[in-house]
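Here the structure comes first, spelled out in structure tokens, and everything after it is commentary.
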Amino acid sequence: VRLHNHGFWRPKSLLDTARFTLTFNSWHRKNHQDSRALWKHEAVQKYLETLSKEYQQVSHLLNADSVKDFEQRTLRRRWADLSPIAAAFQEIKEAEREIQELEAMCRELDSRDEKQLLELALEEKEILDKKMNVLCRKLFQLLVPKEKYDRSPVILEVTAGRTTGGDICQQFTKEMFEMYQSYADYKHWTFDIVNYTPAEIGGLHHAAAHISGEDVYRHLKYEGGTHRVQRIPETGMSSRMQRIHTGTMSVIVLPQPEEVDIKVDAKDLRIDTFRAKGAGGQHVNKTDSAVRIVHLPTGLAVECQQERSQQLNKEIALRTLRAKLYQQIIEKQLSQEQSARKLQLGTRAQSERIRTYNFTQDRVTDHRISYDARNIKEILSGKEALDKLINRLLEFAEMEAVTEYLENLQAFEGGGC
């Protein structure tokens, strides 16, 4: 019995292959932020029922004596793909049944004598509702194809923009860099500064860090872009007049695979040395230990002043240069993978404003998901509040991807492609 005769086998999930550019429908525009709402969508239910039946058929075939060794191996791979999805699907169905039973009980408990029992039932329902949200999120994470570099470490760069009057851009850039450093500590990642160019009046012109740990790129990939700040400068005429200034800084997040095999010819490099400048006047060398390397064919330039040893700084700079050269290849791949799904998260272009930090209103707004968070200090502390915002972005992206897939699947099966 050949697998394709069973009518369920697909050698590769349509989630990976059906990438066609389609406009999101009105249902999606109203409900895409909520994984629970997406779970209730008819197309999701139909698709998951199909996967569940396929899982049962594959399990049955694996126990059959008539299946050949080659088909056994193929079936085991498919079983491994379907097993966590089928398990999550059943967990959600069971939780949904429990919620329905509690809702029916609550409708019957309306007398005064049963008030305490009703309160207990409502508390239980609240717990189950939270469980449902977690399970739905888990399910859609399983359905969404993983990006190639999600588990990679990154090079994160921050650069101050320009503004007229005041130094809010440099100050804000320093605060942002420290925010990501704190976030790395919060996530138990390693944060190694490879370049730090302070401004004369206490801010920061440019800095870069290598961040490694669990799923670093997955969490930071949507931080790339232009971050806008609105605040009253602490000194100068504008501070006395209570004038609000607007400035920007940019963040670039480059995934860095563990092994970057890029050959760099020595004759294509110009290597300069200079004296390191530490943050706030600290770690200032009296020797030219800092290194700047320019890749002449592309014009790419990298600096490193992390170490006191010029040789160590040169090695780090070369590694960073290879990562940036490799990044050009990665960006092409990412562009191709995402050409059909821009998401509302944008293109990650450096010129694209993604977030506004309004100090006078104590509000952070992420423009891609229309999300407002109060208490800027909590966000800039780089802990729970920032993690919540980043997870909202990730959940939004997952919902976009699943909804796009459903539309693509409907078009594919209906002959629309």
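The values are calculated or read from the model by the stated rules, or taken from the named source; none is laboratory data. Only a predicted model underlies this, so the values are computations on that prediction, with no experimental measurement involved. Note: ideal-geometry Cβ built from the backbone for every residue, glycine included; neighbour counts use all protein chains shown. Side chains included, ligands, DNA and RNA excluded: accessible areas come from the protein's heavy atoms. Shrake-Rupley method; radii C 1.70, N 1.55, O 1.52, S 1.80 Å.
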Just checking, does the range 316-339 include any residue being closer than 24 Å to V194 by Cα, modelled with pLDDT under 85 and small (G, A, S)? yes
Residues in the range 197-220: is at least one touching a strand residue (DSSP E or B) at 6+ places or on another chain (Cβ under 7 Å) and without any contact (Cβ under 8 Å) to a residue 40 or more places away in the chain? yes
Taking the range 50-74 and keeping only residues that are open to solvent by less than 70 Å² (accessible area, probe 1.4 Å) and in contact with a helix residue (DSSP H, G or I) (Cβ under 9 Å, 6 or more places away or on another chain), one is left with L51, S52, E54, Y55, V58, S59, L61, L62, V67, E71, Q72, T74
Can you tell me which residues in the range 311-329 are crowded, with 19+ Cβ neighbours inside 10 Å and of a type in the set (S, T, N, Q)? N313, T320, Q327
Would you be able to say whether some residue in the range 76-89 is out of contact with any Cys (no Cβ under 7 Å at 6 or more places or on another chain), over 23 Å from W39 (Cβ atoms) and touching a residue at least 60 places away in the same chain (Cβ under 8 Å)? yes
Mind checking whether some residue in the range 150-162 is farther than 30 Å from H227 by Cβ, of a type in the set (D, E, K, R) and touching a helix residue (DSSP H, G or I) at 6+ places or on another chain (Cβ under 9 Å)? no
Within the range 99-214, which strands (runs of 3 or more DSSP E) (wholly inside it) include 1 or more residues that are among the small types (G, A, S) and at pLDDT 90 or above? 154-160, 204-212
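So in the range 36-71, with the set limited to residues that are in a loop (DSSP other than H, G, I, E, B) and among the aliphatic types (A, V, I, L, M), which one is farthest from D129 (Cα to Cα)?
Across the range 36-71, the extreme among qualifying residues is V67.
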If you scan the range 190-210, which residues turn out to be open to solvent by 30 Å² or more (accessible area, probe 1.4 Å) and within 24 Å of R151 (Cβ to Cβ)? T190, F191, D192, I193, H210
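Going by the structure shown, is R353 within 23 Å of A209 (Cα to Cα) and either surrounded by 18 or more Cβ atoms within 10 Å (Cβ to Cβ) or at pLDDT below 70 (or both)?
For R353, the condition - within 23 Å of A209 (Cα to Cα) and either surrounded by 18 or more Cβ atoms within 10 Å (Cβ to Cβ) or at pLDDT below 70 (or both) - is not met.
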A careful count of residues in the range 178-189 that are hydroxyl-bearing (S, T, Y) and either surrounded by 17 or more Cβ atoms within 10 Å (Cβ to Cβ) or over 18 Å from the mean Cα position of the chain (by Cα) (or both) gives 2
Between residues in the range 49-66 that are of a type in the set (F, W, Y) and residues that are in a helix (DSSP H, G or I), which pairs lie under 6 Å by C-beta distance while being six or more apart or on different chains? Y55/L82; Y55/A86
Looking only at the range 79-98, count how many residues are open to solvent by 50 Å² or more (accessible area, probe 1.4 Å) and farther than 15 Å from L128 by Cβ. 6
Checklist (1) open to solvent by 10 Å² or more (accessible area, probe 1.4 Å); (2) over 17 Å from the mean Cα position of the chain (by Cα); (3) not aromatic (F, W, Y) applied to G213, failing item: (2)
